[in-house]
Amino acid sequence: LEKFYLNAFQSFLFNQWLACRLDQANLYTGVAGDIWFTRENCIAGPMFGEHLKSPNYEAASIEQNLLQRYNLTDKSLSHPKIPGERRAALLFAPDFSYDILQDHLILRFFLRPGQYATSVLRELLKAQ
């Protein structure tokens with residue numbers, strides 16, 4: 001149960017980081033010192049934990065400010081049960097397709113671990 005709560009908090013902090021980057025309008029462009037996933041061509045957000053690779057410059061400042069907001073440090077999140085990692089800031093759904101059968105919409109897509117179909121559906125429903 002402890003690991004469940006730690007992972008939930010890790011995800012909460014990642015979502016707070018995403019919200020911060022959206023508010024600053026630099027989620028798509030990045031800032032100095034960001035770590036990039038070249039395959040996805042997007043910045044890599046923090047899943048804070050043990051052995052997390054730290055960014056530099058402005059990107060490091062953004063992450064440190066987030067941790068300070070919750071009275072945390074890199075060390076306070078270093079726990080053997082929660083390895084730190086970087087996660088793509090943007091979600092890509094390759095092989096996306098859809099069909100309309102009578103009055104039903106059928107969606108097909110693939111997501112990586114840590115990505116959620118509810119996020120895709122939320123964004124699709126927001127589209128006008």
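The values are calculated or read from the model by the stated rules, or taken from the named source; none is laboratory data. Predicted, not measured: the structure shown is a model, and the values here were computed from it. Ideal geometry is used to build each Cβ from the backbone, glycine not excepted, and the neighbour counts take in all protein chains shown. Side chains are part of the model used for accessible areas, which takes the heavy atoms of the whole protein and leaves out ligands, DNA and RNA. Shrake-Rupley method; radii C 1.70, N 1.55, O 1.52, S 1.80 Å.
Accessible surface of ASP23, taken over heavy atoms with a 1.4 Å probe and every protein chain present, rounds to 140 Å². Helical runs (DSSP H, four residues minimum) scored at -39500 (n - 2.57) apiece and divided by the length of the chain put the mean residue ellipticity at 222 nm at -11500 deg cm²/dmol. Just PHE48, PHE110, PHE92 to compare: in a GNM of the chain, with alpha carbon springs under 10 Å, which one fluctuates most? Comparing PHE48, PHE110, PHE92 in the GNM, the peak value goes to PHE110. Positive-end ranking of LEU66, ASN7, GLN115 along the dipole of the chain, with charges on Cβ about the Cα centre, is headed by ASN7.
Here the accessible area is traced with a 1.4 Å probe on the protein chains. For the chain, carbon and sulfur cover 56 percent of it.
A 1.4 Å probe run over the chain, with the rest of the protein chains in place, finds 69 Å² accessible per residue. The Rg/Rh ratio for the chain, using Cα coordinates for both the radius of gyration and the Kirkwood hydrodynamic radius, is 1.03. Cross-link partners for LYS75 among the lysines, with Cα-Cα distance under 21 Å and sequence neighbours closer than 8 places in the same chain left out: LYS3, LYS53.
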